[in-house]
Amino acid sequence: MDRLEKILEDSLYQQCLYQNARAEVNRKFCHHDFQHMVDVSRITYILMLESGDIRNFIAENGLRDLQQAKELIYTAGMLHDIARWKEYEEGVDHSEAGAEIAAELMAKYGFSSQEIRIVTQAIRQHRGIDAGVTVLGEKLFRADNLSRACRQCPANAECYKYGDMETSRRLLIY
Ligand SMILES: [Fe+2]
Ligand SMILES: [Fe+2]
């Protein structure tokens, strides 16, 4: 996980986190901070393990081992909302803008073009599941929803996503 650690310490990553925090300082709905990225990374990894899809993920992408798969899963999670601030400031889709920043950071720290493709595809897919979604994209999308405690959220009556969230129906999903 050394390459991911370097991304997290990179000034571009830190700057994006700062921009997200600044743009959301008065936001009553979900924030897109470091803790959210950690939560999504861990839940995505759990979903990959529990479903058994991790085996297909490794085989279909020709990955070396579980460690490489884990690094890619965490890299997708830790970068998936990195461009959220761009959506507030420039009106662009944060999944597309995030994939571009992810590609730049991953290339800088030695990820291969194939690894970059796997991660950026999943980041592009994290807002909704369409035909052609990858295993990682599907898990990232679900983990993103499971990471939020919607039923407990004081702003849920005004949230446009509330009805679509799994966590609006139960307090805790295991
Ligand atoms: Fe997002
Ligand atoms: Fe997210």
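Please treat every number below as a calculation from the coordinates, not as lab data. Quick caveat: nothing in here was measured; it's all calculated off a predicted structure. Cβ coordinates were reconstructed from backbone atoms using ideal geometry, including for glycine residues, and neighbour counts include every protein chain displayed.
Details
- Gain in span if fully extended, F34 to E9, counting 0.36 nm per residue against the direct Cα distance: 7.8 nm
- Debye equation applied to the C-alpha atoms of the chain, log10 I(q)/I(0) at 0.08, 0.10 Å⁻¹: -0.23, -0.36
- Value of D in µm² per second that Stokes-Einstein yields for the stretch 96-142, Kirkwood Rh from Cα pairs, at 4 °C (1.567 mPa s): 121 µm²/s
- Using θ = phi - 60° in the Karplus curve 6.51 cos²θ - 1.76 cosθ + 1.60, the 3J(HN,Hα) couplings for the stretch 38-51 round to 4, 4, 5, 4, 5, 5, 4, 4, 4, 4, 5, 6, 5, 6 Hz; x is entered for Gly and Pro.
- Cα-based reach from K28 at 22 Å (exclusive), listing lysines while leaving out same-chain residues under 8 positions away: K86, K161
- Within the chain, helix-based [θ] at 222 nm, where runs of 4 or more DSSP H residues each add -39,500 (n - 2.57), nearest 500: -19000 deg cm²/dmol
- Only one residue of A102, I173, S11 has its Cα farthest out toward the positive end of the dipole of the chain, where Lys and Arg carry +1 and Asp and Glu -1 on Cβ, and that residue is I173.
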